[in-house]
Amino acid sequence: MLIGEYMANTGVHLNLPDALQSRLGWKQSFVPNGLRSGIQGLDEQTNGWPRGRITEIVGASSSGRTTLLHSLLAEGTSRGEICAVVDAMNAFDPSTAMLNGVQLERLSWIQCGGNLEHAMRATDLLLHSGGLGVVILDLCDAPADLLSRLPSPFWFRFRRAVESTQTVCAVVAERPVAKSCSSLMVHAEATERLFTERVFREATHRIEMRKPYVGQASELRATWRWNS
């Protein structure tokens, strides 16, 4: 049974951070204010990914949304924080995440096998358990019709659960889904791709902060390179 299904069916209240720290000897500590994104302009405008709030990372496939997800997890785990990914569509690739700096030993990966209801319930339980540095709800590759039918009360529960904590809550999807419950929305878009002898070398993405609106200064550029 997938862990997301188990969590959704049992409704068990987790004490995940305490259990992991006790077993592995981790020392949990939080960085004041937000977590850095690694993108200079975004960090200057937002002071990093906000804690106690819902952030949405939106964009089409190959837009850079997954790289932003990995950047967030890499920053959190590198600072000793315990993080969790709720993988709705089993799209998360731990090997790629590790190459992008994510410390997998500090990451809880919850697969939900394409069941979005289980993903929402698992996220709800994680946020209410408290103590996690980063909780990501990965809805990448979820069909648009299923996303449109997500119950809106979940987003209000997420907002209430996280607002008094030090947790960075991020929702990653092709389009906005949390609506008024999110405090920050970052839109990723691919602008250039460089190939050398049919080998992918470099991609350039435009990272635009759409919520809150900050005018022209919200348009940012970030470049990531892969070496083969």
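Using heavy atoms of the protein chains and a probe of 1.4 Å, the accessible area assigned to Glu189 is about 70 Å². Of the trypsin sites (Lys or Arg not before Pro) found in region 120-194, the ones in coil according to DSSP and having at most 11 other Cβ atoms within 10 Å of their Cβ are Arg149.
Over region 92-179, Cα pairs under 8 Å with separation of 6+ residues give a relative contact order of 33 percent. Ligands, DNA and RNA are left out, and with a 1.4 angstrom probe the accessible area of region 71-175 is 38 Å² per residue. Indicate the gyration tensor shape class of region 73-175 (rounded, prolate or oblate), computed on the Cα atoms with a ≥ b ≥ c the square roots of the eigenvalues: a/c under 1.5 is rounded; otherwise a/b larger than b/c is prolate and the rest oblate. Oblate is the answer for region 73-175, as a/c is 1.5 or above yet b/c matches or exceeds a/b.
The values are calculated or read from the model by the stated rules, or taken from the named source; none is laboratory data. Predicted model only: the values in this text are computed from it and were never measured. Neighbour counts are summed over all protein chains in view; Cβ atoms, including those assigned to glycine, are modelled from backbone coordinates with ideal geometry. With ligands, DNA and RNA removed, areas are computed over all heavy atoms of the protein, side chains included. Shrake-Rupley method; radii C 1.70, N 1.55, O 1.52, S 1.80 Å.
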